[in-house]
Amino acid sequence: MTKYVFVTGGVVSGLGKGITASSLALLLKARNYKVFMQKFDPYINVDPGTMNPIQHGEVFVTYDGCETDLDLGHYERFIDEELNYTSNITSGKIFKTVIEKERKGEYLGATVQMVPHVTNEIKNKVYEAGISSKADIVITEIGGTIGDIESSSFIEALRQIQYEQGEKNTFFVHTTLIPYIYGSGELKTKPTQNSVKDLRNMGIRPNALVCRTPIPTSENLKNKLSLYCSVPKENVIDAVDVKNIYQIPINFYNKKIDEIILKQFELPINKANIKYWEDLIKTVDDLKDEIEIALVGKYVELHDAYLSVAESLKHAGYKYKTKININWVDSEELESKDNLEKVFKNASGIIVPGGFGSRGIEGKIKAINFARINNIPFLGICLGMQLSVIEFARNVCGIKEATSTEFDAVTNEPIIDLMADQKSIVNMGGTLRLGNYPCKIKKDTLAYKDYKQENILERHRHRYEFNNKYKEILEQNGMVFSGINEDANLVEIIEIPSHPHFIASQFHPEFKSRPTKPHPLFDSFIKASIDNKKI
Ligand code: GLN
């Protein structure tokens with residue numbers, strides 16, 4: 001029978017609920033339980049795919065093509081399990097289902113209401129995750145902060161689950177803030193007391209408090225929180241700020257929060273198999289070297305817009321005991337700059353990740369050109385691959401007008417173009433080419449050297465493709481198409497063998513990198529960048 005852990009947040013957003021949920025999942029998995037994770041996002045968008053990355057951060061894509069919140073990336077990186085469409089549920093998805101059912105007449109005769117129709121749909125999503133994953137424990141994070149109007153139907157659904165399943169099968173972790181008042185030099189419990197009061201007003205008593213605090217809390221403070229919030233003292237857990245998020249599971253392990261959960265569930269406390277994670281932390285805390293990687297993008301003001309890319313760079317760095325310092329380069333600002341030598345002075349490698357729309361693309365093309373002609377290791381991802389092809393077509397093959405129909409719908413040189421089956425699509429949401437597609441790798445290429453296999457599966461999120469009409473001329477000029485989707489005859493990987501390390505993929509390798517298992521494309525890019533070290 002599946003047990004359920006719910007992670008809520010109080011006081012303010014951004015307390016690290018996602019990392020808390022992921023860390024609990026890692027520990028329960030380490031104790032030999034099958035875990036599954038999901039996130040509830042109370043906004044009305046059906047998925048985050050249509051949101052601006054500067055507002056919302058990166059869109060993470062699951063293997064089955066679900067566009068999800070970036071916390072799903074944390075989940076996959078921590079528990080090393082592939083999640084799926086049942087892992088990210090928004091109010092938009094719930095309302096859509098309820099309204100479609102109403103139109104079909106499935107509630108015939110009833111007045112359709114938030115309780116029970118919307119709440120039942122939410123409960124179904126929790127139970128469905130348990131059934132389809134066959135997990136021992138499902139961990140569900142609820143986005144937003146307790147007290148938000150948007151999340152109230154989710155909280156009511158969870159209250160019902162707690163009632164239906166009982167305390168032996170449900171565990172509520174409330175993540176909260178203990179602010180430090182400078183001047184008086186005190187930690188304050190009142191915001192936590194108030195947010196727990198809000199939660200209890202909605203019928204839920206949390207089983208544990210995870211207290212985000214800049215310094216460890218005192219016994220006195222824990223006693224106070226315990227008494228005022230009706231939470232046993234040993235279940236009041238400090239989450240002191242850390243330098244590196246991968247440290248948090250170990251901190252929780254030392255505070256025995258996994259044992260507290262398992263005890264309540266009346267499940268055996270198996271031996272925790274976390275040596276591999278402790279080794280990772282040792283590596284991360286003891287990086288011998290450092291390099292700078294320039295990341296050229298237009299959403300650089302919010303680093304979370306490139307979260308998985310940044311993490312993937314770090315993971316590869318761990319393998320080589322090297323700290324990766326990312327130089328966030330705004331592609332739009334690059335457009336007016338002449339002296340790129342200055343911008344990339346310390347860059348041992350250059351990466352151009354994905355993106356949408358025409359703003360800033362000429363700056364990215366300039367960066368790609370700089371990497372190509374100066375033999376700087378380069379990795380392009382999705383839009384980064386499309387622009388690498390455009391740069392090569394323009395500056396090596398002499399096709400001066402080469403561009404993508406994404407930027408110029410009536411161009412004479414549509415070297416990147418819409419796929420035929422995309423041309424009739426009118427809806428923007430959920431209609432990109434999404435999720436896993438196979439790719440066949442050509443032998444004797446850099447891609448083959450990286451992957452060491454011919455058949456790979458990688459995740460996608462794009463609408464435009466390389467236009468095969470230009471393949472011959474690019475090949476004649478030295479570009480190699482080293483990865484192809486044979487079913488649809490689509491280019492997946494390009495490279496330039498005359499360059500020390502120039503490779504780009506149409507898919508997103510960053511979604512499959514793990515802290516202890518860097519992705520092959522990031523691994524070789526970082527290795528080449530270390531060999532080319534500038535500072
Ligand atoms: N905008 C491009 C496309 O839709 C690239 C997308 C991306 O980089 N994720 O094809």
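The values are calculated or read from the model by the stated rules, or taken from the named source; none is laboratory data. Keep in mind it's a predicted model, so treat the numbers as computed, not measured. Every residue, glycine as well, gets a Cβ built from its backbone with ideal geometry; the counts of neighbours run over all protein chains shown.
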**Prompt:** So which residues in the stretch 111-123 are assigned to a helix (DSSP H, G or I) and either closer than 18 Å to VAL7 by Cα or over 27 Å from the mean Cα position of the chain (by Cα) (or both), if there are any at all?
**Reply:** MET114, VAL115, PRO116, HIS117, VAL118, THR119, ASN120, ILE122, LYS123
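Can you tell me which residue in the stretch 161-173 is farthest from ASP258 (Cα to Cα), limited to those that are of a type in the set (S, T, N, Q) and buried (at least 17 other Cβ atoms within 10 Å of the Cβ)? Talk me through it step by step, then tell me what you get.
Keep residues of the stretch 161-173 that are of a type in the set (S, T, N, Q), which gives 162, 165, 169-170.
Next, from what is left, pick out any that are buried (at least 17 other Cβ atoms within 10 Å of the Cβ): 162, 169-170.
Details: GLN162: 19, ASN169: 14, THR170: 13 Å.
Among those residues, the one meeting the criterion is GLN162.
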**Asked** Looking at the stretch 398-411, is at least one residue more than 15 Å from GLU465 (Cβ to Cβ), within 28 Å of the chain's Cα centre (by Cα), within 12 Å of the ligand (Cβ to nearest atom) and buried (at least 18 other Cβ atoms within 10 Å of the Cβ)?
**Response** no
**Prompt:** Within the stretch 52-73, how many residues are part of a loop (DSSP other than H, G, I, E, B) and among the charged types (D, E, K, R)?
**Reply:** 3
**Request:** Tell me, yes or no, whether the stretch 313-324 has at least one residue that is within 16 Å of the ligand (Cβ to nearest atom), crowded, with 24+ Cβ neighbours inside 10 Å and on the phi < 0 side of the Ramachandran plot.
**Result:** no
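From the list VAL329, VAL300, which one is surrounded by 17 or more Cβ atoms within 10 Å (Cβ to Cβ), without any contact (Cβ under 8 Å) to a residue 40 or more places away in the chain and assigned to a loop (DSSP other than H, G, I, E, B)?
Only one candidate passes the filter, namely VAL300.
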**Request:** From (1) away from the ligand (no atom under 15 Å from the Cβ); (2) touching a Gly at 6+ places or on another chain (Cβ under 8 Å); (3) over 23 Å from GLU486 (Cβ atoms); (4) not small (Gly, Ala, Ser), pick out the condition that doesn't hold for LEU379.
**Result:** (1)
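Could you list, in sequence order, all residues of the stretch 54-83 that are of a type in the set (Phe, Trp, Tyr) and out of contact with any Gly (no Cβ under 8 Å at 6 or more places or on another chain)? Talk me through it step by step, then tell me what you get.
Keep residues of the stretch 54-83 that are of a type in the set (Phe, Trp, Tyr), which gives 60, 63, 75, 78.
PHE78, the sole residue that qualifies.
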**Request:** Would you be able to say whether some residue in the stretch 174-194 is small (Gly, Ala, Ser), surrounded by 14 or more Cβ atoms within 10 Å (Cβ to Cβ) and either under 17 Å from PRO42 (Cβ atoms) or at pLDDT below 95 (or both)?
**Result:** no
**Request:** Please indicate, with yes or no, whether at least one residue in the stretch 159-181 is of a type outside the set (Phe, Trp, Tyr), on the phi > 0 side of the Ramachandran plot and in contact with an Asp or Glu (Cβ under 9 Å, 6 or more places away or on another chain).
**Result:** no
**Members of the stretch 215-233 that are more than 16 Å from LEU199 (Cβ to Cβ) and assigned to a helix (DSSP H, G or I)** = GLU219, ASN220, LEU221, LYS222, ASN223, LYS224, LEU227, LYS233
**Item:** Among the residues listed as SER358, SER336, the single one being within 16 Å of the ligand (Cβ to nearest atom) and of a type in the set (Ser, Thr, Tyr)
**Value:** SER358
**Fill in**
Note: among ILE368, ILE415, ILE351, ILE390, just one is at pLDDT 95 or above, within 16 Å of the ligand (Cβ to nearest atom) and closer than 20 Å to ARG459 by Cα, namely ILE351
**Message:** Against the conditions (1) in contact with a helix residue (DSSP H, G or I) (Cβ under 8 Å, 6 or more places away or on another chain); (2) in contact (Cβ under 8 Å) with a residue 60 or more places away in the chain; (3) among the basic types (Lys, Arg); (4) more than 16 Å from ALA305 (Cβ to Cβ), where does LYS366 fall short? Just the number, please.
**Reply:** (2)
**Asked** What is the residue count in the stretch 421-469 for residues that are within 16 Å of the ligand (Cβ to nearest atom), part of a helix (DSSP H, G or I) and modelled with pLDDT of 95 or more?
**Response** 1
**Request:** Could you please find all residues in the stretch 401-453 being under 22 Å from ALA528 (Cβ atoms) and of a type in the set (Asp, Glu)?
**Result:** ASP444, ASP450
**Fill in**
Taking the stretch 128-138 and keeping only residues that are part of a helix (DSSP H, G or I) and either out of contact with any helix residue (DSSP H, G or I) (no Cβ under 9 Å at 6 or more places or on another chain) or free of Cβ contacts under 8 Å to residues at least 40 places away in the same chain (or both), one is left with GLY130, ILE131
**Prompt:** Just a yes or no: is a residue in the stretch 15-31 surrounded by fewer than 24 Cβ atoms within 10 Å (Cβ to Cβ), farther than 29 Å from LYS197 by Cα and in contact with a Lys or Arg (Cβ under 8 Å, 6 or more places away or on another chain)?
**Reply:** yes
**Message:** Please go through (1) under 25 Å from GLN247 (Cα atoms); (2) in a helix (DSSP H, G or I) for GLY49 and return the number of the only condition it doesn't satisfy.
**Reply:** (1)
**Request:** With the condition kept exactly as written, say whether any residue in the stretch 90-99 is under 16 Å from GLU141 (Cβ atoms), outside any loop (DSSP other than H, G, I, E, B), among the polar types (S, T, N, Q) and touching a residue at least 40 places away in the same chain (Cβ under 8 Å).
**Result:** yes
